[in-house]
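Asker: This is the structure, below, for whatever I ask next.
The values are calculated or read from the model by the stated rules, or taken from the named source; none is laboratory data. Everything numeric here is computed off the predicted structure, so don't read it as measured data. Here the Cβ is made from the backbone with ideal geometry for all residues, glycine too, and neighbour counts use every protein chain on show. Calculation scope for accessible area: heavy atoms of the full protein, side chains included, ligands and nucleic acids excluded. Shrake-Rupley method; radii C 1.70, N 1.55, O 1.52, S 1.80 Å.
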Amino acid sequence: MSQFAPDSLRIRDMRLRILPDARAVSLAAAEIIEAAIREATAARGQAVLGLATGATPEGVYARLAERHAADELSFRHVTTYNLDEYYPISPVDPRSYRAYMHRHLFGRVDITPNRAHLLDGSVPESAVAEHCAAFEGWIESDGGLDLQLLGIGRNGHIGFNEPCGLSVDEARRLRTRLVELHPVTRADARREFGSAEAVIPTALTLGVATILAARSILILATGAHKAEAVAAALTGPVTAHLPASLLQSVSPRVTWIVDQAAASALPEALAAASPIG
Ligand code: F6R
């Protein structure tokens, strides 16, 4: 990512942009992703993106699809790896992240089907560890992630790396694996599943180590319900109890774009943040 808007701040050596609303966040994020696609394609012949699902990136994917429809952007040289998938789940279950990605992006752009990768919620249980290791191997053989797009959970999770009591060093070494979802995550997945009890309680997630290894990390947050997690991740201690705070340990590669509501618990920190000249 080379271009940054003049309204960027620097906080704990991470870039932070605070924009008026969710739409502005989506447009700014789509612009950065498009620039990353162009730069990586020019430099290496392909761009490798790590993608997220959930409510936050829906507007980003809508904008990228719009740019594709206007003949301004192609995904022909783009390879993608998604952060997570429920487990077990059928890829054609509309609640699966595979189905989400098809609806919001893959079905609307010219990406090659065997370049759009998600962890597979239908592999046998005995093959989960092997599948997770293979997924990391694919990312590595594609040269690593040029850009990782992230949202943040209300509990500070990134991907489905949930709050836990590990040391920072242990948390930073977490690999791609099967995890149990945190109660807050299950409550927030009611949107897709109807009730917290109906949410599939386990998932496959890219590990913290793979996320932190991305050459650039773009993390988005919108809405007042994210304000506490955003403030803690940007200004609190680095701790596995709030996995997004681990981004501070690779700060020069991290850009946050949040709307005013998600920034509403930040005022003191903002006074201390320095504008990027
Ligand atoms: C989704 C993911 C999650 C979400 C987070 C925020 O692939 O990895 O970490 O980014 O739960 O979700 P929304 O955007 O729905 O608030």
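Asker: So, of the residues in the stretch 133-167 that are open to solvent by 50 Å² or more (accessible area, probe 1.4 Å) and in a helix (DSSP H, G or I), which turns out to be nearest to the ligand (Cβ to nearest atom)?
Answerer: If we take residues in the stretch 133-167 being open to solvent by 50 Å² or more (accessible area, probe 1.4 Å) and in a helix (DSSP H, G or I), then Trp138 is nearest to the ligand (Cβ to nearest atom).
Asker: Does Gly121 qualify as being closer than 22 Å to Thr41 by Cβ, away from the ligand (no atom under 12 Å from the Cβ), at pLDDT 95 or above and in a loop (DSSP other than H, G, I, E, B)? Full working, then the answer.
Answerer: On the way: closer than 22 Å to Thr41 by Cβ: no; away from the ligand (no atom under 12 Å from the Cβ): yes; at pLDDT 95 or above: yes; in a loop (DSSP other than H, G, I, E, B): yes.
In short, no.
Asker: Return the only residue of Ala227, Ala232 being open to solvent by 20 Å² or more (accessible area, probe 1.4 Å), over 19 Å from Tyr86 (Cβ atoms) and assigned to a helix (DSSP H, G or I). Quick ask: steps written out before the conclusion?
Answerer: Details: Ala227 fails: open to solvent by 20 Å² or more (accessible area, probe 1.4 Å).
Only one candidate passes the filter, namely Ala232.
Asker: So which residues in the stretch 235-260 are more than 18 Å from Glu170 (Cα to Cα) and either free of Cβ contacts under 8 Å to residues at least 40 places away in the same chain or polar (S, T, N, Q) (or both), if there are any at all? Before you say what the answer is, go through the steps one by one.
Answerer: Filtering the stretch 235-260 for residues more than 18 Å from Glu170 (Cα to Cα) gives 235-236, 251-260.
Within the stretch 235-260, Thr235, Gly236, Ser251, Arg253, Thr255, Gln260 meet the criteria.
Asker: From the list Tyr81, Tyr86, pick out the single residue that is out of contact with any Lys or Arg (no Cβ under 6 Å at 6 or more places or on another chain), among the aromatic types (Phe, Trp, Tyr) and either closer than 18 Å to Leu149 by Cβ or away from the ligand (no atom under 16 Å from the Cβ) (or both).
Answerer: Numbers: Tyr86 fails: either closer than 18 Å to Leu149 by Cβ or away from the ligand (no atom under 16 Å from the Cβ) (or both).
Answer to the selection: Tyr81.
Asker: For the stretch 60-100, enumerate the residues that are over 16 Å from the mean Cα position of the chain (by Cα), over 30 Å from Ala198 (Cβ atoms) and assigned to a helix (DSSP H, G or I).
Answerer: Arg63, Glu66, Arg67, His68, Ala69
Asker: Can you run down the residue pairs with Cβ atoms below 7 Å, 6 or more apart or on separate chains, where the first is in the stretch 208-226 and of a type outside the set (A, V, I, L, M, F, W, C) and within 12 Å of the ligand (Cβ to nearest atom) and the partner is part of a loop (DSSP other than H, G, I, E, B) and open to solvent by less than 20 Å² (accessible area, probe 1.4 Å)?
Answerer: Thr222/Ala262; Gly223/Ala262; Lys226/Ile152; Lys226/Ala262
Asker: Related question: Residues to consider are Ala62, Ala40; find the one that is under 23 Å from Leu212 (Cβ atoms) and of a type in the set (A, V, I, L, M, F, W, C).
Answerer: Among Ala62, Ala40, only Ala40 is under 23 Å from Leu212 (Cβ atoms) and of a type in the set (A, V, I, L, M, F, W, C).
Asker: Considering only the stretch 39-54, state which residues are open to solvent by 10 Å² or more (accessible area, probe 1.4 Å) and of a type outside the set (Gly, Ala, Ser).
Answerer: Those that are open to solvent by 10 Å² or more (accessible area, probe 1.4 Å) and of a type outside the set (Gly, Ala, Ser): Glu39, Thr41, Arg44, Gln46, Thr53.
Asker: Quick test for you: out of His68, His131, His102, pick the one residue that is within 28 Å of Ala43 (Cβ to Cβ) and not hydroxyl-bearing (Ser, Thr, Tyr).
Answerer: On the way: His131 fails: within 28 Å of Ala43 (Cβ to Cβ); His102 fails: within 28 Å of Ala43 (Cβ to Cβ).
One residue alone meets the criteria, His68.
Asker: Let me ask something additional. Does at least one position in the stretch 101-112 carry a residue that is under 24 Å from Asp188 (Cα atoms), assigned to a helix (DSSP H, G or I), open to solvent by less than 60 Å² (accessible area, probe 1.4 Å) and among the small types (Gly, Ala, Ser)?
Answerer: Residues of the stretch 101-112 under 24 Å from Asp188 (Cα atoms): 101-105.
Right, trim to assigned to a helix (DSSP H, G or I) and you get 101-104.
With open to solvent by less than 60 Å² (accessible area, probe 1.4 Å) added as a condition, the list becomes 101, 104.
Filter once more, so that each one left must be among the small types (Gly, Ala, Ser): none.
No, there is no match, as no residue in the stretch 101-112 is under 24 Å from Asp188 (Cα atoms), assigned to a helix (DSSP H, G or I), open to solvent by less than 60 Å² (accessible area, probe 1.4 Å) and among the small types (Gly, Ala, Ser).
Asker: Please work out if Thr239 is surrounded by 18 or more Cβ atoms within 10 Å (Cβ to Cβ), under 30 Å from Val123 (Cβ atoms) and among the β-branched types (Val, Ile, Thr). It would help to see each step written out before you state the result.
Answerer: Values: surrounded by 18 or more Cβ atoms within 10 Å (Cβ to Cβ): yes; under 30 Å from Val123 (Cβ atoms): no; among the β-branched types (Val, Ile, Thr): yes.
Against the criterion (surrounded by 18 or more Cβ atoms within 10 Å (Cβ to Cβ), under 30 Å from Val123 (Cβ atoms) and among the β-branched types (Val, Ile, Thr)), Thr239 does not qualify.
Asker: When the stretch 29-53 is examined, which residues are found to be in contact (Cβ under 8 Å) with a residue 40 or more places away in the chain and within 16 Å of the ligand (Cβ to nearest atom)?
Answerer: Ala29, Ile33, Leu49, Gly50, Leu51, Ala52, Thr53
Asker: Within the stretch 55-88, can you find the residues that are among the hydroxyl-bearing types (Ser, Thr, Tyr) and crowded, with 19+ Cβ neighbours inside 10 Å?
Answerer: Keep residues of the stretch 55-88 that are among the hydroxyl-bearing types (Ser, Thr, Tyr), which gives 56, 61, 74, 79-81, 86-87.
Passing the criteria: Thr56, Tyr61, Thr79, Thr80, Tyr81, Tyr86, Tyr87.
Asker: Residue check: is Thr255 away from the ligand (no atom under 13 Å from the Cβ), closer than 21 Å to Ala28 by Cβ and at pLDDT 95 or above? Quick ask: steps written out before the conclusion?
Answerer: On the way: away from the ligand (no atom under 13 Å from the Cβ): yes; closer than 21 Å to Ala28 by Cβ: yes; at pLDDT 95 or above: yes.
In short, yes.
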